[in-house]
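Just below is one structure, and these are the notes that go with it.
The values are calculated or read from the model by the stated rules, or taken from the named source; none is laboratory data. If you're wondering where the values come from, they're calculated on a predicted model, not measured in any experiment. Positions of Cβ are generated from backbone atoms using ideal geometry, with glycine treated the same way; all protein chains shown enter the neighbour counts. Please note that ligands, DNA and RNA were not included when accessible areas were found on the heavy atoms of the full protein model with its side chains. Shrake-Rupley method; radii C 1.70, N 1.55, O 1.52, S 1.80 Å.
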Amino acid sequence: MFNTVNQHCLDSIVTLSKNRPVSADDDIFDDRGNKLWARGQHISSGLQEKLVRRKLARPLESTLTVEGALTFADVIDDCRKLAAKQSLLERIEAKASAFSLIDDLRNIAIPGPLRLLLTAVREQHHNSYRHMLACMVISAGIAEQAKLDDHDVKVLMLSALLHDLGEMYINPDYVRSSRQLNCMEWKHVASHPRIGQLLVQELTSLPPAVGLCILQHHRRLDGSGYPHFDGHLSPHHLAALLAIADTAAGICARTKSGAVSRIALALKVVPEEYDRKYVSALLVALGDETESIECDEPDCGCHDKAVEIAHRIAAAIRVAEASQQQGTTPFSRELAGNIRGILSNLEKSMRSAGVLEANRLDSLDQDPALLNEIRVAVAELEWRLRDLARNTFVRAEIKGAQELRELTGLILALDAEALGHPAGEQAPPQA
Ligand SMILES: [Fe+2]
Ligand SMILES: [Fe+2]
């Protein structure tokens, strides 16, 4: 994959070269033997025109060296600095000896191509870099509580550092968009775990488990998430741990107060999604919190929204059941069946949140903390419907036109807006 130059990655490397020298440590040839760039020559924007969409004899990432490239020791120092600034990460540092796990890895050599890419992320994409560090610190907190052995800790820390590096190969307008992406845009973003795995597999000799953890960090134990895996196979146990750290790090970055309670809620609202023992390990590492959850949209019309989500789940279950029976390919029937199972879990979660009992809601006005908690739970469930819609689209679209046609009604029932349709739109009856 990496012999064809990726425009977005090349843009980042050229931008990096404006701040620190990046040079070719070997002559760069295309796949027909034409010399494009001489060894030792510094990278400049002239390289962009020569290389973009060209097939090279060797991946560009393996040919370039950046001066002062990031080392694992730099990463550890940055983890410490971040923990000193973010109270949630500081809790891990203060409570557990998690940092000694990371410190022990100070001398790990990061492979050259990845050092180049990580240096670019550190200099250009500060939020992404902070997210990688937060994932490492949180993973270390879980690893320490779960008493992982040295080999697993090493695999986990490398995976946490590298898990989103594949995003460098995707249009930054999609990766860093603050708006909701539609299904076609989402398809690009959803490829980052696979690209990350290929980076490790094709450009380094790191253990295959690192690539596997990167591939599976958005998978959930109930079969939701992406990329899809055979429902009979569980993700690698360290990928299940990394998925928890990734979710927690995301919440940590966007939540001003009550982060621990919010993390606990996100990881427990659908109990089938995350590995219980690692969730417990994280909550022990984070310790108790007295601050209550804050809702991003306090006036969201909690009860109406909850009723709407409950109806949407019930309607999607009916469509999934119909698709399971009427699908003309084994793929359509199996996927509809999987989604049916995931929706049942969401329905159970909805009921256990107790939000549908209108009488109870009236009394909740007296308890703002609990009301906020319910609001956030409803938002979490709504988010899962969108994710399910987009991931169903990606899987069906890759499979074929027939499958996509047959599953469009289900995608619309899950979240019509993900397909760019008005909310609540239904599929026309199939001919
Ligand atoms: Fe990711
Ligand atoms: Fe991530």
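Select from region 21-33 the residues that are of a type outside the set (Asp, Glu) and in contact with a strand residue (DSSP E or B) (Cβ under 6 Å, 6 or more places away or on another chain) and list them in ascending order. Full working, then the answer.
Going through region 21-33, the residues of a type outside the set (Asp, Glu) turn out to be 21-24, 28-29, 32-33.
Within region 21-33, PRO21, VAL22, SER23, ALA24, ILE28, PHE29 meet the criteria.
Yes or no, residue by residue, for (1) of a type in the set (A, V, I, L, M, F, W, C); (2) assigned by TED's automatic domain parsing to the domain that holds ASP152:
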| position | (1), (2) |
| --- | --- |
| GLU49 | no, no |
| ASN107 | no, yes |
| PRO111 | no, yes |
| VAL121 | yes, yes |
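Scan region 151-163 residue by residue and report those that are in contact (Cβ under 8 Å) with a residue 24 or more places away in the chain and open to solvent by 10 Å² or more (accessible area, probe 1.4 Å). Write out each step before concluding.
Keep residues of region 151-163 that are in contact (Cβ under 8 Å) with a residue 24 or more places away in the chain, which gives 152-163.
ASP152, LYS154 - these are the residues of region 151-163 that are in contact (Cβ under 8 Å) with a residue 24 or more places away in the chain and open to solvent by 10 Å² or more (accessible area, probe 1.4 Å).
Please work out which residue is nearest to the chain's Cα centre (by Cα), limiting yourself to region 146-177 and to residues that are over 15 Å from ILE214 (Cα atoms) and either of a type in the set (S, T, N, Q) or not assigned by TED's automatic domain parsing to the domain that holds THR247 (or both).
Taking the candidates together, the pick is SER177.
List pairs: first in region 238-260 and in the same structural domain as VAL175 (by TED's automatic domain parsing) and under 20 Å from TRP383 (Cα atoms), second within 12 Å of ligand 2 (Cβ to nearest atom) and open to solvent by 10 Å² or more (accessible area, probe 1.4 Å), Cβ under 6 Å, 6+ apart or cross-chain?
ALA249/HIS131; ALA259/CYS252
I need the full set of residues from region 219-245 which are open to solvent by 30 Å² or more (accessible area, probe 1.4 Å), within 16 Å of LYS277 (Cβ to Cβ) and hydrophobic (A, V, I, L, M, F, W, C), in order please.
Within region 219-245, LEU221 is the sole residue that qualifies.
Among ALA143, ALA190, which is assigned by TED's automatic domain parsing to the domain that holds ALA281 and out of contact with any Lys or Arg (no Cβ under 8 Å at 6 or more places or on another chain)? Give the derivation first.
Values: ALA190 fails: out of contact with any Lys or Arg (no Cβ under 8 Å at 6 or more places or on another chain).
When all the criteria are applied, what remains is ALA143.
Taking region 10-64 as the search range and keeping residues that are hydroxyl-bearing (Ser, Thr, Tyr) and surrounded by 15 or more Cβ atoms within 10 Å (Cβ to Cβ), which one is nearest to LEU198 (Cα to Cα)? I'd like the intermediate steps shown before the answer.
First, the residues of region 10-64 that are hydroxyl-bearing (Ser, Thr, Tyr): 12, 15, 17, 23, 44-45, 62-63.
With surrounded by 15 or more Cβ atoms within 10 Å (Cβ to Cβ) added as a condition, the list becomes 12, 17, 23, 62-63.
Values: SER12: 19, SER17: 24, SER23: 24, SER62: 14, THR63: 17 Å.
Looking at the filtered set, the residue picked out is SER62.
Here is a list: MET157, MET168. Which entry is in contact with a Leu (Cβ under 8 Å, 6 or more places away or on another chain) and within 16 Å of ligand 1 (Cβ to nearest atom)?
Numbers: MET157 fails: within 16 Å of ligand 1 (Cβ to nearest atom).
Result of the check over MET157, MET168: MET168.
Within region 204-218, can you find the residues that are open to solvent by 20 Å² or more (accessible area, probe 1.4 Å) and away from ligand 1 (no atom under 11 Å from the Cβ)?
THR204, SER205, LEU206, PRO207, PRO208, ALA209, LEU212
Take the conditions away from ligand 2 (no atom under 16 Å from the Cβ) and modelled with pLDDT under 90 and apply them to SER280. Does it pass?
Numbers: away from ligand 2 (no atom under 16 Å from the Cβ): yes; modelled with pLDDT under 90: no.
In short, no.
Does ALA240 meet the test of being within 16 Å of ligand 2 (Cβ to nearest atom) and touching a helix residue (DSSP H, G or I) at 6+ places or on another chain (Cβ under 9 Å)?
Numbers: within 16 Å of ligand 2 (Cβ to nearest atom): yes; touching a helix residue (DSSP H, G or I) at 6+ places or on another chain (Cβ under 9 Å): yes.
Yes.
Where residues in region 96-150 are away from ligand 1 (no atom under 16 Å from the Cβ) and polar (S, T, N, Q), which of them is surrounded by the most Cβ atoms within 10 Å (Cβ to Cβ)?
By that ranking, first place goes to THR119.
Has region 159-166 got at least one residue that is within 15 Å of ligand 2 (Cβ to nearest atom) and over 21 Å from MET1 (Cα atoms)?
yes
Just to be sure, is GLU185 touching a Phe, Trp or Tyr at 6+ places or on another chain (Cβ under 7 Å), modelled with pLDDT under 95 and not aliphatic (A, V, I, L, M)? Working first, answer last.
Numbers: touching a Phe, Trp or Tyr at 6+ places or on another chain (Cβ under 7 Å): yes; modelled with pLDDT under 95: yes; not aliphatic (A, V, I, L, M): yes.
The answer is yes for GLU185.
Taking region 9-44 as the search range and keeping residues that are closer than 13 Å to GLU67 by Cα and among the small types (Gly, Ala, Ser), which one is nearest to the chain's Cα centre (by Cα)?
SER17
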